[in-house]
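Okay, structure first, notes after.
The values are calculated or read from the model by the stated rules, or taken from the named source; none is laboratory data. Computed from a predicted structure; not experimentally measured. Cβ sites come from the backbone with ideal geometry, for glycine too, and all protein chains shown count toward neighbours. Side chains are part of the model used for accessible areas, which takes the heavy atoms of the whole protein and leaves out ligands, DNA and RNA. Shrake-Rupley method; radii C 1.70, N 1.55, O 1.52, S 1.80 Å.
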Amino acid sequence: MPYIPLEEHLPGITGLLEYRKDTAAPIRELTQILLRGPSTLTEGERELIATIVSHRNECKFCTTAHTAAVDILLGEENTSAKVKQDIMTAPVSDKMKALLTIAAQVQQSGKSVTTESVQKAKDAGATDLEIHDTVLIAALFCLYNRYVDGLSTVTPTDPAYYKGLGERLKNHGYNRLPQGYDHLKK
Amino acid sequence: MPHINLKNDLPGIRSAMAYSPKTAAPMGVLAEILLRSNKGLAPAERELIGMYVSYLNDCFYCHHSHGEIACIYLDGDRELVEQVRKDYNKAPIPDKLKSLLAIAAKVQQGGKFVTAEDVERARENGATDMDIHDAVLIAAAFCMFNRYVDGLATTAPTDMSSYPLRAKQVAENGYGSHIYTARQPA
């Protein structure tokens, strides 16, 4: 049960973003820019960064939600599963392996990012901006994961919930739905 | 030296934000709402939470920056900021703030570390739902800010006399775009 009163039909992060809408607005905007804005990284690649960080933070809600988003964007479920198992043997480019490694280091601490891991990313063709965005996406999910679990929000167990959420993330991104969320009430 | 060419000579988070103004804009808005709001927690209490989480994350720049901003709101009581950092349980601060700092310290480790008992104690000490929400979100936000700052290896001034000067700018002008547009005080 959540530590503060959140709307029952809005599990995970959604209830929190509706609880305090003034702080939610910039959090949503930042996420929309980073994960859906113009970028040389695909939406699938950026969602993979969100997934690996949420997975390492053991945030079940965010991990399952962003895994669903990756799977829908890539049209397969193998890549997200393999990345969570082992970045280095996962079926992604060398550049993505290097960026996912940086993201995993950010998950531990900003100070864990090494000159070597950054150099490896640059050698694999990553631009400065891609490295910047990777660090900031990873840092942002360290916020999200703590927000979601720190207030003990509800984690649905029905896989269908996450499939629906993944579709919403693909089709609408991270902006607040114009009509709000009352239609999700049972 | 920063991991990437940030193309400016501002320190800490200011340099990362100046490098990427698009993502900086919502981050500045979030900081302004979370740290300068007078509703519920006072700005000094908000800054103390930010300072303490930054200290636990070993983020030199954020730790000293927010310690000095808190100091201004506390009418120059640097000793109190020091006491909170060293052992907030022994510091002359209200029990409510002590229990919120305890929650913030748990969030710094991971969202799941926050227990129902921690939250109950905060409530017994007079914390409202919004106070608890804000303590968790401030702590989570600093887990993002700290990682952004150190994950890109931004520079931190070693001349400690620069921190109070910069803190004065923040106390007078707030966060928002000032973070990455204001000139660094000499």
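Please say if the stretch A:1-71 is rounded, prolate or oblate, where rounded means a/c under 1.5 for a ≥ b ≥ c the square roots of the C-alpha gyration tensor eigenvalues, and otherwise the choice is prolate for a/b larger than b/c and oblate otherwise? Verdict is oblate for the stretch A:1-71. Shape class for the stretch B:30-173: prolate, because the ratio a/c of the largest to smallest gyration tensor axis (alpha-carbon atoms, square roots of eigenvalues) is 1.5 or more and a/b beats b/c. Note on B:GLN109 and B:ASN8: the extension gain reaches 33.1 nm, defined as 0.36 nm multiplied by sequence separation minus the Cα-Cα distance. In the assembled protein chains, A:ASP158 presents an accessible area of approximately 80 Å² (probe radius 1.4 Å). Can you work out D for the protein assembly as shown in µm² s⁻¹ from Stokes-Einstein, where Rh is the Kirkwood radius over C-alpha pairs, the temperature is 20 °C and the viscosity is 1.002 mPa s? Diffusion coefficient, whole number: 103 µm²/s.
Accessible surface computed residue by residue for the stretch A:58-186, with neighbouring protein chains in place and a 1.4 Å probe, gives 45 Å² per residue.
Phi angles across the stretch B:51-58 convert, under the Karplus curve 6.51 cos²θ - 1.76 cosθ + 1.60 with θ = phi - 60°, into 3J(HN,Hα) values of 4, 5, 5, 5, 5, 5, 7, 6 Hz, Gly and Pro given as x. Just to be sure I follow the rule: in the stretch A:76-186, considering lysines 8 or more places apart or on different chains, how many pairs have Cα atoms under 24 Å apart? Lysine pairs meeting both conditions in the stretch A:76-186 amount to 27. Modelled label positions at A:ALA81 and B:ASP159, each set 7 Å beyond Cα in the direction of Cβ, lie 5.8 nm from each other.
Show that you can apply the helix-only estimate: for the protein assembly as shown, add -39,500 (n - 2.57) for every DSSP H stretch of four or more residues, divide by all residues, and state [θ] at 222 nm to the nearest 500.
Working: 19 runs with 247 residues, N = 372.
Using -39500 (n - 2.57) per qualifying helix, the result is -21000 deg cm²/dmol.
At the residue level, A:GLU167 shows approximately 70 square angstrom of accessible surface with a 1.4 angstrom probe and all protein chains present.
Give me the inter-chain shielding for B:132-142: mean count of other chain Cβ atoms within 10 Å, whole number please.
That works out to 6 on average.
Peptide A:15-25 is shielded by partner chain Cβ atoms: per residue, an average of 3 of them sit within 10 Å of its Cβ.
Using the alpha-carbon atoms, what tilt in degrees (0 to 90, nearest 10) does helix B:95-109 show relative to the longest principal axis of chain B? The two axes meet at around 60 degrees.
What number comes out for the charge environment of B:ASN57, summing +1 per Lys or Arg and -1 per Asp or Glu over other residues with Cβ under 13 Å away? Spelling it out: positives minus negatives among the neighbours equals +2. If you run the Gaussian network model on chain A, springs between alpha carbon atoms under 10 Å, then out of A:GLU43, A:GLU116, A:GLU29 the most flexible one is A:GLU116. With the whole protein complex present, B:GLU172 retains an accessible surface near 120 Å², based on a 1.4 Å probe.
If a/c stays under 1.5 just call it rounded; otherwise compare a/b with b/c (prolate if a/b is bigger, oblate if not). Do that for the stretch A:79-161, with a ≥ b ≥ c from the square roots of the Cα gyration tensor eigenvalues. Don't skip to the answer; put the middle values down first.
Details: a/c = 2.62, a/b = 1.55, b/c = 1.69.
Because a/c hits 1.5 or more and a/b fails to exceed b/c, the stretch A:79-161 counts as oblate.
Springs between alpha-carbon pairs under 10 angstrom, Gaussian network model over chain A: which of A:THR134, A:THR89, A:THR155 fluctuates most? Among A:THR134, A:THR89, A:THR155, the largest GNM mean-square fluctuation belongs to A:THR89. The alpha carbon centroids of the stretch A:101-119 and the stretch A:1-76 are separated by 21 Å.
Remark on chain A: Rg and Dmax equal 16.1, 51 Å (Cα only).
For the pair the stretch B:114-128 and the stretch B:26-71, the centres of their Cα atoms are 21 angstrom apart.
For A:HIS55, B:HIS133, A:HIS183, give the ranking by accessible area with the largest first, probe 1.4 Å. Don't skip to the end; give the middle numbers.
Details: A:HIS55 70, B:HIS133 0, A:HIS183 105 Å².
The ranking, largest first, comes out as A:HIS183, A:HIS55, B:HIS133.
Each residue of the stretch B:143-159 was assigned a 3J(HN,Hα) from its phi angle through the Karplus curve 6.51 cos²θ - 1.76 cosθ + 1.60 (θ = phi - 60°); the sequence is 5, 7, 4, 4, 5, 5, 5, 8, x, 9, 6, 5, 7, 10, x, 8, 6 Hz, with glycine and proline shown as x.
Peptide A:105-116 shows a mean partner chain C-beta count of 5 within 10 Å per residue C-beta.
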